[in-house]
Structures are given as C-alpha cells and as structure tokens.
Amino acid sequence: MNLIKANKKLIIRYLYTFILSFISVSVFGQIFSTAQNPLSVKWHYISSGGFKIIFPEELEKDARRMANTLPFIYPKIGSGLNRQNTSIPVVLQNRGTVANGFVQLAPKKSEFYATPPQYFDSQDWLNNLAVHELRHIAQFDRLTGGQAKPFPELVYFAYMGAAIPTWFFEGDAVVNETALTYSGRGRQPNWIMPFRTSILEGKKFSYSKAYFGSNKDVTPGYYQTGYLMVANMKETYGKFFSDSLLNDIKKRPVRLYPFSGSLKKFSGENTRQFFLSAQANAEKKWKAQAENSRTENYQSLNKKPAYATNYFLPTRFNKKQILVLKESKTEARHFVLINEDKSEEKLFGIGYQEQPWFSFQNEVLVWDEIRYDPRYKQRSYSVVCSYDFKTKTFKKLTSKSRIFSPGLSADGKKIIAARVDLQNKFNLVEMETSTSKILKTYPNPENQIIQTPSFDKTGNRIAYIGVNEKGKSLILLNGDQKTELIKASRQQLSRPIFMGDKIAFNAHYNGIDNIYSIDIASGKISALTASNYGAFNPAETEDGKFVFNDYKINGYEVSEKSIEEKEPGKDGFVDFASAAEKQENTGNVFENIPDSNFTSKPYHQVLNLFSFHSIIPVIDNEYTFGVELQSNNLLNTMDFYTGAKYHRDLKRFEYTADMSYKALYPVFSVLYRNRPKRTFYKAKNAIQQGDWRENYIKLNASLPLSFNSRNQNYSFTLNAATSFTQRYLPENMPDNFITRLKFPMEYNFTFNHSVNTTERDIAPKWAQILRISYNHQPFDQNLKGKILALESFLYFPGFAKNHSFLASFNYQEATGVNQYATEIATVYGYNSIQAKSKLQNSLLFNYRFPFAFPDWELGPLAYIRNFRAGLFCHYENIGKNTNLGQPKTYGVELNSSLNILRYQPVIDIGTRLVFVNQIYNQNPILEFSFNYSF
C-alpha cells in the first residue's frame, strides 16, 4: 500500500494493513482507496456538529443534506455504545461508478461513494451509507475515547485489527442499520440466503470457514456471520452488550484473544462456541420457516457444479441453447451457451460489473462494465458494450459514460438504460444500438434512483424500479405517462420484465426471494415461483414458459417452468434484528431530519497537504530502530513521513524524511536521509574500519498508467530517479575517499498485460510482463559504470484449470561500479551458491498448480484453505557456462494459504527443495517462504 513503506517490518504496520480490510457496503471486497481524483475537481466543505463534510462542488445539495442528517442521527446510532458526539471529516466522492463506503483511522475519516449501485437497500443511498458508517465511527470512538491524543491513530487502528474480529465490526453495524431504519440488509432474504441455504441443506460451517471463506464452497462471509452473531448477542443479552464488550477490551487490552476473552466473560462462551450457538439458533428458526413455507423444487438445466458456481441471468438463445453469464471459483466471469445435454460452449469474458447484467435480443448482446481512468483511480466509468452474433464483432457503444443496466428492445435496435451525472441526478436514456446516439432522455423530477429498466415487445413501454427514502417502486412509462404500479415499499423489487400485459419482477412477499408478476390493468400481484431458497431474473420464452435463476447450495443455477400464477403466500421471513429494533425503539432515524441552511466554503488542497495522525515505533532489523511521525492528507494527494532511528551497532542516530505528492499526473517523491555509515577496506595488508556520515537525497518521478477492456488488463509504468550524496565527518578513511556521489540516473519502464483471474488461479492464464531498467553515472567521472537490465515473464495455461506455466528470460549488462549488481530475476537458491562468473542472464521455467482445498480448522491455531505445488528448472548465463541440457538449479516446492490464530490476513507459507547442478558440488538447498495478503 502507498501508506506503508515496504522496507519496514514492524508488526504494527502489519496490523495496520489488516485493519484496512474493513469495507462497509462495498459491492465487492476491496481495501479502502488511496487513489486520487483529477486535479480539476473543485472541493468545498461544510462544518456541522462535529462533521466536516468535504465534497466536489457538484454535490452541494447532497452535502447540505448530509450536514443536516449526520449530526441528527449520530446520537441515535451511537446510543447503544454510549456515544453522543463525534468529530470526523467525511469525504463525499462522485467521480467513481463503484459503490462503497468506509471509515478509517490514520488519518481519521470516512468516505461515502455517492453514486448509487443498481441493486441495494430500499432507501436513499447516502442515508444507507450514513446509518452504517456512523456506527463504525461510534465503534472507533468507543475504543479510542474519541479524544484528541498525541498522534495515537495508527496505534489504535492496529490494535483494533488485532483485538477485534472484522465480523464483529460489520455485524454490529448491519444489526444497527436494520434496527434503526425500516430497511437494512438484515431485512433482505437474498443477503443471508447463502447461509440459510447451506444450513437447511445440512452443510454447517466451522467458525473459521464461515469467517474466512473457502476456495471451493459458497460461504456466508464475515458480514453475514457477524450479523447473526451480534443479533444473537442483542437478543440474549440486551442493547448494551456490544458496549460492554468494547469497554472490557479497552480496559484490558494486553492479552491473547481479548475479544474472545471478553465475550466469554459476559456470555460464558468463547468466540467459536458463541458462533456455534448462533448458528444453531438460526438453524432452528430457518427450519421452522421452511416447514411453514409452500415451496417447489425446480430441475436444473445446467450441469451440477462441484464447487461454487453462478449461472447469472439465463435467457433463451434459441430453442436448444440458453445464454448465461457464468463465474466460479475456477473461472472469471464470461458468457456461456448451455446446450440441451447440459454441455457448455464458452464464448468470451467481460470486465468487472457493478452487478451481473446483460440483455440479449435478436442476436445482439449488450452489457455494462466498469472502466477506470488510466491515472486517477477515483474516477471510473460505466460503459455499454455490445456483441453482434451475426457479424461476430464487439463494439464499445459509450465512452467515459455513467450508464448502467442497458436493456434491448425486441428488435435489438434500441437500448434503454439508467444514467447518473456528477450531481447524482438520474435519468432514463434511450439510445440507438447501431450508433449509440441518445434518442430520448426521460425526465425524473423527483430524482428517484433508477434501476434495471426494460422495454416491452413493442419498444414503446418501459418498466423500471425507482428508489427513494420511502422504499422501492415499480414504475411503468408509456410515452410521457408515468404510472406507479407498486407504490414505495420495503420490498426488494428488482429487474422487471414484460410478459405480455404483465410485468414479472423479483420480490420477497413470502419471506423468500421469488419471482412475481403484476397485472398492469388490475394491479393484481401473483407468485410465479415458490423456490426453497430464492428465485431471480426471469426471461420469457416463446412457449408459455420462462427461464430463471434458482438458488441452490453451490450458487445460482438455471431452471425453466410454465407461467402459472398463484397467491403470493404469507410472509414468513426470519428477522434476526427484531429484538435489537425493539431495544432501540427509534423507528426510522431518517424521519424528521432538520432542514437548516448551511454555507459551504472552498476546500483548498494546497492548504491541506498535511494531516499528521501518528507517531509509531519503527524496527528495520535487530540493529536499527526508532520512531516515525506520519502524515497522509484526506484526499490522498500527499504522504509525508519523518523520524529518527538509532543504529545500535554504530551507536549513532539516523534522521529521515520522505514525501510523495500524487495530485499531478506524474507522482513526485523525495527521500532524505542523514545517516551514519561504516565500511571495511584493505590497507597495508590489514583490514581497516572506516566511518562517516552522509546526507542522501533521492528524487523520483513516476507515471503509473493502467487500462482495462473487457477481461483484459494493461498497465504501463515510467520511472526516473536521481540522487545526491554528500559524505562528511570521515573517520579512518583512505585518502581517495569519495565525498560526493553526484546524480546517478535510474530509468525504469514496465509493461504488464493480464486477463482476469479467479480465487484458485495461481497466476493469470495469459499474462506478459516486460521490464527495462538502465542505471548510469553521467555526471560523475569518478564513478563510471552502468547497468542495463531486461526482464520478461510470460504466463501460459497449464494442463488443467488454474495451473500456470511461467517462462522468464532475463538479461543484464553491467560495467564499472555496477559490475556486480543484480537487477534481474535469479535462479532459486542463488544466494546459497558460490558464483563462478558474473550474472549475465537467466532462463526460468516454473509450473505451479493447486491440488487440494481442505478447509481444515486446526482448532484456534490455523485454518488451512489450500495446498499448491510446483516444479521448476532454472538456467543461468545461457551460452556461457551451461546449455539447456544442464540447468543450474531444479526442484520442487509446496505452499499453503492459511489463517493463523483466527486472524483475517491470509498467510502464505511454503518450502522449496532446490537441487544444484553437479558441477557446483553443492548439497540440496532447503528454503522457506512467508507472505501475507488481505
């Protein structure tokens, strides 16, 4: 991460990175952003009741609304944690098209990504974010006291990650958002559906598997796991149980598993035992619900998946084939044709989507996908793409657009879609497919959030979902006439499609997500499915039937049935947050929000470059340690670090300062070191020790660019750097001691191409990485020398899915002071083998593959996700000392991904046995590796 310098290995940094994995209402799991906005964005701010709301000028209206909302609802949100006031900046982001929100420390802030997604809760989007994120603020304030202390934030942030599992933070927030509103994810059957399905299918989870996930099965995730556990806490022990836990952890911070210890103190059960109790409680309630629900079983038209696999949005391609959007643990998202015999024809992959979506009519296929700005990753677009099955051609219909959920007319000539601008204003737009010309923009004076529109067969009528704070509505447009077929309610209405004079849609009237229809003339609502776990995404066929998604234990499958209308049935939904709702007794916290008038002021980036938040200890190694002051500003445009370290072996101090400015198109950074140095040299047949101090300044300019198109990803990085070293206070140094090293130059270029990967992939199926670097001394005749390095890494598919073959050829030419430098990839075991000549090139072959996914829980010690193996054969100095028949090293390796001590970071441990070519007379080398990721 940009906030963490790679050369520092202190455990507090490890924990800091861990806590960054907190994501709130993200559509996909990502670490919170450290990306930048374009410099052209004009920022303003409003201060209100402890909240400093920083926003682009286009969001003035929403910022004023949040200025009224946040201080008003915070006391109610923080009530159960005894928090009534806070102080925090809130940054509203509007350049992106990926929905998200988070709270962090170091620096303390929250960010709301204001562009609504196409599927979320039945309330206003920013309100949705506010009720969840403010609970995280209350949690943080409860642990830190909310008081200004001398730069403690990174320490607090690290401790929270070590002491408290992520599921508790997120589960507590989801329970709270459900209890304090008439919406909330706790009221959405499809949100908890994977957990319910597995339980009712007799497949219970271990605590670790539910929390950490699996490379083979559908697992609930830590949001859902946390929701069930915290809801059970509230139901059993009352409103203030979360507060008691956090208070006890704060009072007794230094102990192993502080959260589990505090939980056992108040409940008599440790974390694992409490999870099993909550799971048993959920099982009992879900079984009772299932016994009282009238359901049907539907035959799957796809082959039975052996692991988690989704076949999204089935639609008839012809009478014998069904078109779906497929993804699984082994395959990235791509289009597939399912044949009558359940065999599959893979078509092509696509890029990341805000939600799975496509429309197919008359041999034309359209979909939307996210495209990022090459440099400023806070800016992204939702573009419309198409594929013509007649001409076999792809086309990007829109560019730099913010258009979602495109739906085709029956003849494939028109598209209806939802568009949102930078002011968060929604409109329906009608486009011509062949030219992408906007034919009509439909007015939306109420500015409802518009979701998933569709045409009828004539192309004259349009159905879509509208969302506001009152809930979701089903709306029919017939020319300029707008009819609200289903008035705003808390039903999770989605994806309406026309079936003759009726509209089919998703909802959960019986407490389970199913497909319903409404008669346009009479308004009567009927049930079309009665799935055990959930039915979604209908598409009408030509024979009085429809295909749809039926959810089963391994994911979304494809089924088909006749159109038969039945009564919707009684609502049997299990509301686990009902006890918490009664305890809070607030109703909807968004009622009666004040409407005060606020005046915004310009937020000058130049005046807000520094935001000092933490002083932390730093340990480079067993000989070097110190402290560092850190600053990262709120808009991620300036990082600054300064500190002092003590060199125990030299008995002297080093002083450091690093600064990186990231607002411009290139990233500029400067590094300063005032440091002690020591060397040993030969003089008069004796070894002499010499010491000195030096001022070292390094300047760097970097241009990181990346692009994505469908499932292809490209990146380019240009880098140039130079430095100046002034040496002084020499002690016992030779007469020819050089006191100045003047501006050595470094140039680097990297190109990277890859295709999207999956959970099980060790590397992309196809990828190419090319690196060129050149270092020389143009301004210093006393230190002549250069090094040119060329590296290539080429990835190919292996013999089976998720296998990877790497071929890497690397070359370097080094002279003068650089003649013994190593700038290219070396053979395994290189540092343990005595060199016979200077390194000039290397040729590396690696074959790696996963072979087991056990999901073993070894008590509290470890949770093992997978095992992977590899074979390698490496050559060095081809054409000089060896030939292709004699590799320098070869051998085998074994790796495993696991979670240790029930902490969330994924630890990758491995061992490698390296055999050395016989001409070196070297014994086999045993190496070990240790890495972590989030």
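Where a number appears in this text, it was derived from the coordinates with a stated rule and is not lab data. Please read these numbers as outputs of a predicted model, since none were measured by experiment. In this analysis, Cβ positions are derived from the backbone assuming ideal geometry, glycine residues included, and neighbour counts consider all displayed protein chains.
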I'd like to know which of N549, L485, A530 lies farthest towards the positive end of the charge dipole of segment 466-571, counting +1 on Cβ of Lys and Arg and -1 on Cβ of Asp and Glu. L485
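Quick one: dipole size for the chain, taken about the Cα centre, charges +1 on Lys/Arg Cβ and -1 on Asp/Glu Cβ, in debye to the nearest 20.
Details: 112 positive and 85 negative charges, 441 e Å.
The calculated dipole for the chain is roughly 2120 debye.
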Please state the relative contact order of segment 177-224 as a whole percent: Cα pairs under 8 Å, 6+ residues apart? 28 percent
In the set [x] 105, 63, 56; [y] 104, 67, 59; [z] 158, 136, 76, which value of Cα extents along the principal axes in Å was calculated from the structure you see? [x]
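Highest mean first, how do 287-297, 219-229, 623-633 rank when packing is the count of other Cβ atoms within 10 Å averaged over residues?
Working: 287-297: 13.3, 219-229: 24.5, 623-633: 18.0.
Highest to lowest by the protection proxy: 219-229, 623-633, 287-297.
Assuming a ≥ b ≥ c are the square roots of the Cα gyration tensor eigenvalues, decide whether segment 351-490 counts as rounded (a/c under 1.5), prolate (otherwise, with a/b larger than b/c) or oblate.
Working: a/c = 1.97, a/b = 1.20, b/c = 1.64.
Oblate is the answer for segment 351-490, as a/c is 1.5 or above yet b/c matches or exceeds a/b.
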J(HN,Hα) series, segment 678-685, from Karplus relation 6.51 cos²θ - 1.76 cosθ + 1.60, nearest Hz, glycine and proline x: 9, 9, 10, 9, 8, 8, 6, 6
For segment 816-873 and segment 602-677, what is the separation of their Cα centres, given in Å? 32 Å
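Arranged from highest to lowest average of other beta-carbon atoms within 10 Å per residue, in what order do the peptides 199-212, 325-338 appear? Walk me through the numbers before you get to the answer.
On the way: 199-212: 18.6, 325-338: 20.6.
Output ranking for 199-212, 325-338: 325-338, 199-212.
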Along the charge dipole of the chain, Cβ charges K/R +1 and D/E -1, which of T586, Q378, V914 sits furthest on the positive end? V914
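Which whole-number percentage describes the relative contact order of the chain, with Cα contacts under 8 Å and a sequence gap of 6 or more?
Relative contact order for the chain comes out at 10 percent.
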Could you tell me what percent of the DSSP beta bridges with both partners in segment 326-422 are antiparallel, to the nearest 5? 95 percent
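Considering only DSSP states other than H, G, I, E and B, which trypsin sites (Lys or Arg not before Pro) in segment 792-875 qualify as loop sites with at most 16 other Cβ atoms within 10 Å?
Working: sites: K801, K836, K838, R848, R865, R868; in loops: K801, K836, K838.
Sparse-neighbourhood loop trypsin sites (Lys or Arg not before Pro): K801, K836, K838.
DSSP loop (so not H, G, I, E, B), at most 14 other Cβ within 10 Å: list which trypsin sites (Lys or Arg not before Pro) in segment 518-562 pass both filters. Don't skip to the answer; put the middle values down first.
Working: sites: K524, K545, K552, K561; in loops: K524.
When the trypsin sites (Lys or Arg not before Pro) of segment 518-562 are filtered for loop state and at most 14 Cβ neighbours within 10 Å, K524 remain.
Pairs K472/K502; K319/K346; K413/K524: which exceed 21 Å Cα-Cα?
Values: K472/K502 19 Å; K319/K346 18 Å; K413/K524 32 Å.
Violating the 21 Å Cα-Cα cut-off are K413/K524.
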Collect residues whose amide H, placed 1.01 Å from N in the peptide plane, falls under 5 Å from the amide H of G96; neighbours closer than 5 in sequence don't count. S380
Let me check I've understood the local charge: for K457, count other residues with C-beta under 11 angstrom from its C-beta, Lys and Arg +1, Asp and Glu -1. What total comes out? -3
Let's test this: bin the Cα-Cα distances of segment 280-430 at 5 Å from zero up to the farthest pair and state each bin's percent. 2, 8, 14, 17, 15, 13, 11, 9, 7, 3, 1, 0
Would you grab the residues whose amide H sits under 5 Å from the one on G412? Only those 5+ places off in sequence or on another chain, please, with H modelled 1.01 Å from N. none
Let a ≥ b ≥ c be the square roots of the eigenvalues of the Cα gyration tensor of segment 117-212; is it rounded (a/c under 1.5), or, if not, prolate (a/b larger than b/c) or oblate? oblate
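So which of K786/K836; K329/K552; K304/K342; K326/K801 end up more than 19 Å apart, counting from Cα to Cα? Walk me through the intermediate numbers first.
Working: K786/K836 22 Å; K329/K552 16 Å; K304/K342 9 Å; K326/K801 15 Å.
Violating the 19 Å Cα-Cα cut-off are K786/K836.
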Simple SL model, points at 7 angstrom along Cα→Cβ for F151 and D421; separation in nm is 4.6 nm
Under Stokes-Einstein, with the Kirkwood radius over Cα pairs standing in for Rh, what whole-number D in µm²/s applies to segment 580-680 at 4 °C and 1.567 mPa s? 72 µm²/s
At 18 angstrom or more along the helix axis (alpha-carbon based) and mean Kyte-Doolittle of 0.0 or higher, what helices does the chain contain? Whole DSSP H runs only. 166-179
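Suppose every K and R has +1 on its Cβ and every D and E has -1 on its Cβ; what is the size of the dipole of segment 351-490 about the Cα centre, in Debye to the nearest 20? List each step's numbers first, then the result.
On the way: 23 positive and 15 negative charges, 61 e Å.
Here segment 351-490 has a charge dipole of around 300 debye.
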Can you give the Rg/Rh ratio of segment 606-730, where Rg is from the C-alpha atoms and Rh is the Kirkwood radius? 1.11
In whole Hz, what ³J(HN,Hα) sequence does segment 639-645 give by Karplus (6.51, -1.76, 1.60; θ = phi - 60°), x for Gly and Pro? 10, 9, 9, 8, x, 9, 10
Positive-end residue of Y655, G859, F317, charge dipole of the chain with Cβ unit charges: Y655
Around Q188, under 13 Å between beta carbons, what's the net of Lys plus Arg minus Asp minus Glu among the other residues? +1
Fraction of beta bridges assigned by DSSP in the chain that are antiparallel (%, nearest 5): 95 percent
Taking amide H positions as placed 1.01 Å from N in the peptide plane, with prolines and chain starts having none, which residues 5 or more places from A862, or on another chain, fall under 5 Å of its amide H? L901
What number, in percent, do you get for the relative contact order of segment 351-490 if the mean sequence gap of Cα pairs under 8 Å and at least 6 apart is divided by its residue count? 14 percent
